[in-house]
Structure formats: C-alpha cells, structure tokens
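Worksheet for the structure shown next.
The values are calculated or read from the model by the stated rules, or taken from the named source; none is laboratory data. None of these values were measured; they are calculated from a predicted model. Note that each Cβ is placed from the backbone with ideal geometry, even for glycine, and that neighbours are counted across all protein chains shown. Side chains included, ligands, DNA and RNA excluded: accessible areas come from the protein's heavy atoms. Shrake-Rupley method; radii C 1.70, N 1.55, O 1.52, S 1.80 Å.
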Amino acid sequence: MRIDIITVYPEMIEGFFNCSILKRAQDKGLAEIHIHNLRDYTLDKYRRVDDYPFGGFAGMVMKIEPVERCINALKAERDYDEVIFVTPDGEQFCQSMANDLSLKQNIIILCGHFKGIDYRIREHFITKEVSIGDYVLTGGELAAAVMSDAIVRIIPGVISDEQSALSDSFQDNLLAAPVYTRPSEYNGWKVPDVLLSGNEAKIKEWEMEQSLERTKRLRPDLLNK
Ligand code: 6GU
C-alpha cells in the first residue's frame, strides 16, 4: 500500500515515519509513505500557498492552485482509491475505518493548515473527510500521522505475530485483557495464577472475562456497537 501525504510542514511528521513499526513496514516493502511539501508545487515566486479569505474573515486560507498541481502530479503517476482531507469537521476516524483503508492500494492524505482550505478543493478533489476526534489541532499533520499509523500496522506482515494486531483493543469492540511479564512476583505483586497454569483453555477463558469486565467498567458504550 502507498500513502501520499501533502503538507506545508513535512518536518512535523517525517521523523514519525522513520521509527519503529512504520519504518519496518517500509523497509519490508509492505508500505510506502511519501510526504510532499505543498510549497514545491506552487508557481508563486514567493512560494506562497495561502491567501486572505474573501468576506473579510480572520486568518489565512490555503489556495487551490498548489493543491491542484500536487494532486494532479500524483494522479498522473497512479490511480488513487481515496483523496482524504483531514479536518475536525470530518467523519470520526475509528478502527473499522482503519481496517477499510488498509485494504486500499493508494491513498492521498491532504493536511490543512491556517484557517482552512478553499472550499472548492473539498468539493472537487476530496473523496473523504476525516477527523481524529472532537478537539482542534493546529493542522492536519498529526491526524495524518495517527491515521497512517493505525492503517499501516494492520497490513498483513507488518506486525510479525498477526494475532497481536487482531487481538488489539477495539478490533472486536472490546478492550484488551491485561498482560504481564517476568518476574511472576515483584514486591509481593503476583501475576494471576491462571497465566502460569499452562492450561490454554482456562487462559483463553480468563482473557475473555477480563476483556468483558474491563469494557463494561471503562467503555460500556463499546458494548452497544
Ligand atoms: Cl484532522 N485536523 C485538525 N486541525 N484538528 C483536528 C483534526 C484534524 N481532528 C481532530 N482535530
């Protein structure tokens, strides 16, 4: 899968994609992540990508021209399944959306900045608008990073133990059971006996009970989904 991220601040997220599991996914050839600086696509001699809003409102608005040139340059190379704009007024991102997007071949994620982007970009280029939660960030970069992380980590082969991505919290609308490692006793704090019993059936049963109990207690809303 390939993700193209368009931003005016590539340096905000470049480091993020060069670490840990996202880096490994790219090294293994399972995901390609390309970050494009929108300023490289403007014909403006000062490389300006924003301008004053019509109507006399406060703040600056991202211009159509560089966004169009960037998206068209990408589309000339390959077909895209989605052109996503990350914005607080978009559809709420969640695990099932990450699952769906992880099955796509090529997606573009456009990050907004300043007061917003010229609405005609949203009408004519964008196929999906996504928010990562009900709070406002300074720009879409962190949202693009959050989405890319959630999408790439579930591509088969990215996490060596496939089971571990599938048993994550939220994959089945349940929170995960607690996990423990050695030593089995520390400061008198003991690991639950069942985990040391070697009885796989009992361990599975315990895990499910724990998942249900934690979900009921901490996120009862998930049980109604
Ligand atoms: Cl996608 N962008 C911004 N600027 N703020 C957000 C967001 C996106 N999602 C939640 N808050």
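Accessible surface calculations at 1.4 Å, restricted to protein heavy atoms, place the range 167-224 at 78 Å² per residue.
Counting only the Cα atoms, the range 167-224 fills a convex hull of 91 Å³ per residue. Considering only alpha-carbon pairs that sit under 8 angstrom and 6 or more positions apart, the relative contact order computed for the chain is 21 percent.
Note on the chain: GNM, Cα springs under 10 Å; of 18, 187, 99, the largest mean-square fluctuation is that of 187. Rounded to the nearest 20, the Cβ-based charge dipole of the chain about its Cα centre (Lys and Arg +1, Asp and Glu -1) stands at 280 debye. Between the alpha-carbon centres of the range 23-88 and the range 169-202 there is a gap of 45 Å.
Couplings 3J(HN,Hα) for the range 140-151, derived from phi with the Karplus relation 6.51 cos²θ - 1.76 cosθ + 1.60 (θ = phi - 60°), are x, 4, 5, 5, 5, 5, 4, 5, 4, 4, 5, 6 Hz, where x marks Gly and Pro.
Taking a sphere under 12 Å around the Cβ of residue 13 and counting the other residues whose Cβ falls inside, with K and R at +1 and D and E at -1, yields a net charge of -4.
Cross-link partners of residue 128 among aspartates and glutamates, defined as those whose alpha carbon lies under 15 angstrom from its own and excluding same-chain residues fewer than eight positions apart: 4, 81, 82, 89, 91, 100. With R₀ fixed at 25 Å, the C-beta to C-beta distance from residue 64 to residue 92 puts the FRET efficiency at about 0.40. Using equal-weight Cα scatterers in the Debye expression, the normalised intensity of the range 7-142 in log10 at q = 0.11, 0.14 Å⁻¹ is -0.42, -0.70.
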